[in-house]
Amino acid sequence: MAMAVPNADSAAIIAFYKSKGEAAGLKAGMETASGPARIMIMSQGGATAGNEGRGMQVTAAPDDEGGSIVTLVYTDGQ
């Protein structure tokens, strides 16, 4: 799922999804930044989820209007 988020920078978006993921029992496995764009992967085991459990990947990059484009991928491991 991809969506536009007005008036939010990519660091704030990643922090939001990280807190939601941790509340759901996920652990950060990888987080990286390339300029203002950011990517985070979380899973039950703290690495890539694959077929072993729930996980999500969040990508946030700035758009041309001062907000961000967010892509969220979630897997339940099945």
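The values are calculated or read from the model by the stated rules, or taken from the named source; none is laboratory data. All values reported here derive from a predicted model rather than from experimental measurement. Please note: Cβ atoms are built from the backbone with ideal geometry, for glycine as well, and neighbour counts cover all protein chains shown.
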* Asked: Is there any pair linking a residue in region 9-25 that is touching a residue at least 24 places away in the same chain (Cβ under 8 Å) and surrounded by 12 or more Cβ atoms within 10 Å (Cβ to Cβ) to one that is among the hydrophobic types (A, V, I, L, M, F, W, C) and assigned to a loop (DSSP other than H, G, I, E, B), with Cβ under 9 Å and at least six apart or on different chains, and which?
  -> 18/26
* Within region 46-56, can you find the residues that are under 12 Å from residue 29 (Cα atoms) and at pLDDT 85 or above? -> 55, 56
* Asked: Looking at region 6-20, which of the residues that are touching a Pro at 6+ places or on another chain (Cβ under 9 Å) and assigned to a helix (DSSP H, G or I) is farthest from residue 65 (Cα to Cα)?
  -> 11
* For residue 66, indicate whether it is part of a loop (DSSP other than H, G, I, E, B) and modelled with pLDDT under 90. => yes
* One residue from 32, 71, 59 being assigned to a strand (DSSP E or B), modelled with pLDDT of 90 or more and loosely packed, with under 12 Cβ neighbours inside 10 Å -> 32
* Structure fact -> Reported set for region 52-78 where residues are closer than 16 Å to residue 10 by Cα and over 12 Å from the mean Cα position of the chain (by Cα) is 62, 63, 64, 65, 66, 67, 68
